[in-house]
Amino acid sequence: MATIPITPAEAQRLIQDGAKLIDIRDPDEHAREHIPGATNIPVAGIDHLDAGDCAVVFHCRSGARTHANAARLAAAAGAPCYVIEGGIEAWRRAGLDVVADRSQPLELIRQVQLTAGGLVLLGIVLGFLVTPGFFALSAFVGAGLMFAGATGWCGMARVLQYMPWNRQMAA
């Protein structure tokens with residue numbers, strides 16, 4: 001069975017008719033913003049989906065994760081399977097309801113991007129203004145990002161998840 005791309009309006013109709021809405025983003029993303037009624041099952045655990053016989057509508061942030069994992073999502077659904085083109089971003093642009101909790105911390109990947117970018121910039125500025133040895137900071141961060149991309153393990157994300165602002169993240 002294949003996934004069928006649909007618009008947010010078509011997804012809304014399917015959901016009103018009893019389709020299950022599954023958010024495949026990570027829990028930190030879901031906690032910060034989600035479509036009302038969506039069940040959060042990150043793509044890593046999607047093989048444990050129990051959809052029964054009803055249709056399933058999947059979404060992510062932009063549609064890229066659902067597209068990249070289409071075959072896996074279809075296999076997990078075991079029923080008619082749809083993906084929202086453009087994800088929650090398209091849903092929001094269509095003027096449909098989202099639940100946003102801005103008291104939740106930024107998504108962990110965005111925290112990594114901000115921290116890595118800040119450290120690279122700091123290393124460059126200090127390298128020019130103080131001593132060239134600070135360029136090593138930028139090289140270290142770059143090497144860490146390359147390692148994270150190659151292995152899927154990010155040390156900076158591991159450190160950031162234990163920061164005080166991330167400890168109270170809703171499930």
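Readers should treat all values here as calculations from the given coordinates under stated rules, not as data from a laboratory. This one's a predicted model, so the numbers in the text were calculated from it and none came from an experiment. Using ideal geometry, Cβ is built from the backbone for each residue, glycine included, and neighbour counts are taken over all protein chains shown.
Quick notes on this structure:
- Take the Cα of residue 48, step 7 Å toward its Cβ, do the same at residue 124, and the gap between the two points is 4.3 nm.
- Cβ-derived FRET efficiency at R0 25 Å, residue 158 paired with residue 75, nearest 0.05: 0.25
- Rotationally averaged projected area of the range 108-166 (alpha carbon convex hull; nm²): 4.1
- Our coupling estimate for the range 47-62, obtained by passing each phi through the Karplus curve with A = 6.51, B = -1.76, C = 1.60 and θ = phi - 60°, is 5, 9, 5, 10, 8, x, 9, 7, 5, 10, 10, 9, 8, 10, 6, 10 Hz, Gly and Pro reported as x.
- Largest-first principal axis extents, alpha carbons of the chain, Å: 64, 31, 27
- Phi-based couplings in Hz for the range 139-153 (Karplus 6.51, -1.76, 1.60; Gly and Pro marked x): 5, 4, 5, x, 5, x, 5, 4, 4, 4, x, 6, 10, x, 10
- Proximity of backbone amide H atoms, modeled 1.01 Å from N, is registered between residue 99 and 34, 35 at under 5 Å, excluding neighbours fewer than 5 places apart on the same chain.
- Amide proton proximity set for residue 55, modelled H, under 5 Å, gap of 5+: 20
- Of all DSSP beta bridges confined to the range 3-100, the antiparallel ones make up roughly 15%.
- Taking every DSSP beta bridge that has both ends in the chain, the antiparallel portion is near 15%.
- Karplus-derived HN-Hα couplings along the range 25-40 (A = 6.51, B = -1.76, C = 1.60, θ = phi - 60°), whole Hz, x at Gly and Pro: 6, 6, x, 5, 5, 5, 5, 6, 7, 7, 7, x, x, 6, 9, 8
- In the chain, the sites counted are chymotrypsin sites (Phe, Trp or Tyr not before Pro) in DSSP loop states with at most 16 other Cβ atoms within 10 Å, and the longest stretch holding none of them, exclusive of the sites, is 1-152.
- Evaluated at q = 0.28 Å⁻¹, a Debye calculation over the C-alpha positions of the range 1-63 (equal weights, vacuum) places log10 I(q)/I(0) at -1.45.
- Computed Rg/Rh of the range 29-84, alpha carbon atoms with Kirkwood Rh: 0.92
- Relative contact order (percent, whole number), the chain, Cα cutoff 8 Å, 6+ residue spacing: 24
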